[in-house]
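The structure appears below as structure tokens.
Just so it is clear, none of the values below were taken in a lab; they were calculated from the coordinates. Just so we're clear, the structure is a prediction, and the values are computed from it rather than from any experiment. Neighbour counts run over all protein chains shown; Cβ positions are idealised from the backbone, glycine included.
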Amino acid sequence: MLQRAWPAEGVTRVPYWVYQDEEIYREEQTRIFRGPTWNYLCLEAELPEPTSFITTFVGDMPVVVARDPSGALHAWENRCAHRGALVCMQRSGTAERFRCIYHNWTYDHAGNLTQVAFRNGIGGKGGMPADAKLESQSPKKLRVESIHGLVFGTLSDDVASLEAYIGPEVLPRLKRVLVRPLKVLGAYTQVLPNNWKLYMDNVKDTYHASLLHLFFTRFRINRLTQKGGVFVSHDGAHHCTYTEMVEDRGDDYEKDGMRSAGSQAFRLEDARVLEQVDEFGDRVAIQILSLFPGFVLHQIRNSLAARQVVPKGTGRTELHWTLFGFADDGEAMTQRRLLQANLVGPAGYISMEDGAATGFVQRGVAGSPDRASVIEMGGATVGSGDSRITETAVRGLWKAWRQYMHV
Amino acid sequence: MGTDPNLQLAVERLHARYAHALDADRLEEWPRFFTENGRYRIATAENEERGLPLAVLYAEGRAMMRDRVQSLRHANIYEPQRYRHMISSVLLEPVDAGVVRSSANFIVLRIMQDGDTVTFASGRYVDRIVLSEMQYEERVVICDSRRFDTLLAIPL
């Protein structure tokens, strides 16, 4: 059992050992990633035909997601029942069957062991005993559900359906974006020098967006004075924040002398990277949505992407970005999405700083596992609202995390 | 079939001047290595092989490149860092009159202010060069890896 005690202030404090402790990291793997949560696996568009497969992760656990010859989706642990080797080494492709290279044990698309090399020996010699329990260490199978083209998996038999897990506060915001079949535009990985929770915390932090990301503010893309709001699920686990397209003419930032406003207006010579078509017809410029434990869906103007947060030890996280459009996008819309991809990812005008800022926290707290973050913007509550000058969604993350971790 | 040695030298000199400008933090010179409507794209080998068009960084024309430099200078926050480019194995192939296609290997080291030095990127530059101006009409930076450490601020 974990011996750690949470600070008496509750959700307004986050002790720094949560980002550092190896035992916490191991417990998270069991209680959260392999526990009663739904984990994002891939897009259905990445498995375009029967027998397509892709390899991914649920926490530290390697996973194969595959379509069987009938087209049905399956996900299973990428670990051979024999000696534990990876069954599938390729990132993606199509396969008739999956054969472990070590001793040629073979699996079908659902992760069932179908063949064991030399099972009966040769010429009456060698082979497995008749009562050998070859399936006793079979790869774990995940329950799979997909929602509007996003594929999720869980090892839990107890967790509710995916829609019930997401809940009524956030689900409509997910459906708002995923309106038609998707088309993958490309993918890359950003390696973050920090604990996975610092990234989720950053994503849910509506307070930082226009202060850290100067590009936003200088170009008046997103200021906290613009109309917007935040939705938080009842358990605090999931969130969605949005900003409307209205051009802000206020000078609240300049009056407060904030660094992000700058001393002079800053204009783009070529503004095509910002030109948005209101494709969902609701004048939302930016929507960031997160699902616990490690999934983010963004709409930043016409840039759409799924981000998968993969922990790689206490101080390292991989962020797998998959940018997409819709299958029926015309040439002009695809070009627009590709230009607006400049806003996001490791070289993104408005997201490059996130990796740096969260890494600064990981380094800054190295000597203070006994100290804590102060998260009191907007009070001590967890809930939805129409102000983004709040840390309500961050407090939600920690409320949920503590419930899963029993801390 | 051999390439004109003078052309080979001229292209290698262009690549070298480009590398020295970025490594010496003369970012304002970067757009001037391109034609007015020149294109610059940082891609990954994986996306290229799958025929996927996404770039990590994409600029169409010098104006968009100048915007990138302005943003790096005045808007984006990133830890002080420098690159060191190593460019080699330059192969040329004439395309049409006055245009040559160049393929060159690169390694970029990233040096942080505390001295931490890592191999930040490796890959190929695939270029279309206009010979009359000795400028890139197109420069595609195809990174071998799909992984980028922390952030990519300075162009490759």
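A compact table of results
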{"item": "Global geometry of the protein assembly as shown, whether rounded, prolate or oblate, following the gyration tensor of its Cα atoms and the 1.5 cut on a/c", "result": "oblate"}
{"item": "On Cα atoms only, tilt of B:62-74 relative to the major axis of chain B in degrees", "result": "20 degrees"}
{"item": "Shielding by partners, peptide B:42-48 (average Cβ within 10 angstrom, other chains)", "result": "3"}
{"item": "Most mobile listed residue (A:Asp386, A:Asp270, A:Asp201) in chain A, GNM with C-alpha springs under 10 Å", "result": "A:Asp270"}
{"item": "Efficiency of FRET from Cβ geometry, A:Trp6 and B:Leu7, R₀ 60 Å, rounded to 0.05", "result": "0.30"}
{"item": "Full-stretch length increase - B:Ile111, B:Leu91 - with 0.36 nm per residue and alpha-carbon distance subtracted", "result": "4.4 nm"}
{"item": "Most mobile listed residue (A:Phe266, A:Phe292, A:Phe33) in chain A, GNM with C-alpha springs under 10 Å", "result": "A:Phe266"}
{"item": "Spin-label model distance (nm) - A:Gln115 vs A:Ala95, 7 Å beyond Cα toward Cβ", "result": "1.3 nm"}
{"item": "Neighbouring partner chain Cβ atoms per residue of A:206-215, average, 10 Å criterion", "result": "1"}
{"item": "Listed residues A:Phe53, A:Gly123, A:Asn78: farthest to the positive end of the dipole of the range A:39-147 (Cβ charges)", "result": "A:Gly123"}
{"item": "Listed residue (A:Leu214, A:Leu198, A:Ala357) projecting farthest to the positive dipole end of the range A:167-405, Cβ model", "result": "A:Leu198"}
{"item": "Residue-span extension gain [A:Met245 to A:Ala271] - 0.36 nm each, minus C-alpha spacing", "result": "7.8 nm"}
{"item": "Between helix A:352-364 and chain A: long-axis angle, C-alpha atoms, 0 to 90°, nearest 10", "result": "80 degrees"}
{"item": "Reachable lysines from A:Lys140, criterion Cα separation under 20 angstrom, eight or more residues apart if same chain", "result": "none"}
{"item": "Two-decimal log10 I(q)/I(0) for chain B, as the Debye equation yields it once each C-alpha is a single scatterer, q = 0.11, 0.13, 0.15 Å⁻¹", "result": "-0.43, -0.60, -0.81"}
{"item": "Square roots of five times the Cα gyration tensor eigenvalues for the range A:39-147, Å", "result": "28, 14, 11"}
{"item": "5 angstrom amide H check on A:Asp205, placed H, neighbours 5+ away", "result": "none"}
{"item": "Pairwise centroid distance, computed over Cα atoms, of the range A:70-107 with the range B:64-103, Å", "result": "41 Å"}
{"item": "Under 20 Å from the Cα of A:Lys141 - lysines, other chains or at least 8 residues apart", "result": "A:Lys133"}
{"item": "Amide H partners (placed H, <5 Å) of A:Val63, local residues excluded", "result": "A:Thr56, A:Phe57, A:Val58, A:Asn78"}
{"item": "Modelled FRET efficiency - R0 22 Å, A:Asp68 with A:His148, Cβ distances, 0.05 increments", "result": "0.55"}
{"item": "Under the Karplus curve 6.51 cos²θ - 1.76 cosθ + 1.60, θ = phi - 60°, whole-Hz ³J(HN,Hα) for the range A:26-37, x wherever Gly or Pro sits", "result": "5, 5, 4, 4, 6, 7, 9, 5, 9, x, x, 10"}
{"item": "Charged-residue dipole, Cβ positions (Lys, Arg, Asp, Glu), the protein assembly as shown about Cα centre, Debye nearest 20", "result": "740 debye"}
{"item": "0 to 90° range, to nearest 10: angle between helix B:5-23 axis and chain B longest Cα axis", "result": "10 degrees"}
{"item": "10 Å Cβ neighbours from other chains, averaged over peptide A:322-330", "result": "1"}
{"item": "Net dipole in debye of the range B:5-143 [+1 Lys, Arg Cβ; -1 Asp, Glu Cβ; about Cα centre; nearest 20]", "result": "140 debye"}
{"item": "Most mobile of A:Gly383, A:Gly121, A:Gly345 in a GNM of chain A (Cα contacts under 10 Å)", "result": "A:Gly121"}
